[in-house]
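Chemist: The structure is given below, and queries will be raised subsequently.
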Amino acid sequence: MITTTTAWTRRLAACLLSASLAACSFSAGPPTSSPGTSNAASGMPVVLRFGDQAVTATLTDTMMSRRFTAMLPLTVHLTDAWGQAKAGPLPRPLTAEGGTPVHDPTTGGIYFWPVSGMIAVYYDDLGQTVPDPGLIRLGTVEAGLDSLSGAGDRLTVRIEPAMTTS
């Protein structure tokens, strides 16, 4: 019998190999929050747009999220490999320096996987953990997670700062 960790590690290795060859998505792990991250409410509001849908989120007030924010607006092609997260490669490199690793991502969390340069939005908890070096938490979806999870296996998402009114 193969343990859950061994099976997950094999799936992760296959996906990472596929990602390097064909832009496969990375998705992993069960959701829990990470220590050392700021409250998402104190960060930057953003919108993830796809089709006629809009998902609202707040990026955390961390060095990693500020570097990510500097890349906005951007378009990311996401796929859903294992039914728990939409994930895809960022169009430009992002360094994980100064990021706090998370091994138990939360449902609704937006994360960066430094190994492959991918971003992932988790919409389900499958009870798995992410191996080292872990994920870097960038933010949290505030509304519209169901529309993202039901958007199919492949979608193009435009991430941009939310328009605020004073």
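Conditions (1) within 15 Å of the chain's Cα centre (by Cα); (2) more than 12 Å from GLU160 (Cα to Cα), marked per residue:
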{"position": "ALA54", "(1), (2)": "no, no"}
{"position": "MET63", "(1), (2)": "no, yes"}
{"position": "ALA70", "(1), (2)": "no, no"}
{"position": "HIS77", "(1), (2)": "yes, yes"}
{"position": "ALA87", "(1), (2)": "yes, yes"}
{"position": "GLU97", "(1), (2)": "no, yes"}
{"position": "PRO101", "(1), (2)": "yes, yes"}
{"position": "GLY109", "(1), (2)": "yes, yes"}
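Chemist: In the list GLY127, GLY144, GLY117, which residue meets the criterion of being within 12 Å of ALA57 (Cα to Cα) and out of contact with any Asp or Glu (no Cβ under 8 Å at 6 or more places or on another chain)?
Modeler: Every option except GLY144 fails the conditions.
Chemist: Sticking with this one: In segment 48-70, what residues are over 13 Å from VAL141 (Cβ atoms) and β-branched (Val, Ile, Thr)?
Modeler: Of everything in segment 48-70, those that are over 13 Å from VAL141 (Cβ atoms) and β-branched (Val, Ile, Thr) turn out to be THR62, THR69.
Chemist: Has segment 71-89 got any residue that is modelled with pLDDT under 95 and either of a type in the set (Val, Ile, Thr) or over 24 Å from GLY144 (Cβ atoms) (or both)?
Modeler: no
Chemist: Next up: What's the number of the only condition in (1) in contact with a helix residue (DSSP H, G or I) (Cβ under 6 Å, 6 or more places away or on another chain); (2) at pLDDT below 95 that GLY152 fails to meet?
Modeler: Failed condition: (1).
Chemist: Something else now. Based on what the data block shows, is THR106 over 14 Å from GLY139 (Cβ atoms) and either in contact with a helix residue (DSSP H, G or I) (Cβ under 9 Å, 6 or more places away or on another chain) or not aromatic (Phe, Trp, Tyr) (or both)?
Modeler: So THR106 does not fit the description; no.
Chemist: Still on this model: Consider ASP146 against the criteria (1) part of a loop (DSSP other than H, G, I, E, B); (2) acidic (Asp, Glu); (3) without any contact (Cβ under 8 Å) to a residue 40 or more places away in the chain: it satisfies all of them except one. Which criterion is unmet?
Modeler: Of (1) part of a loop (DSSP other than H, G, I, E, B); (2) acidic (Asp, Glu); (3) without any contact (Cβ under 8 Å) to a residue 40 or more places away in the chain, only one is false for ASP146: (1).
The values are calculated or read from the model by the stated rules, or taken from the named source; none is laboratory data. Predicted, not measured: the structure shown is a model, and the values here were computed from it. We place every Cβ from the backbone using ideal geometry, glycine too, and count neighbours over all the protein chains shown.
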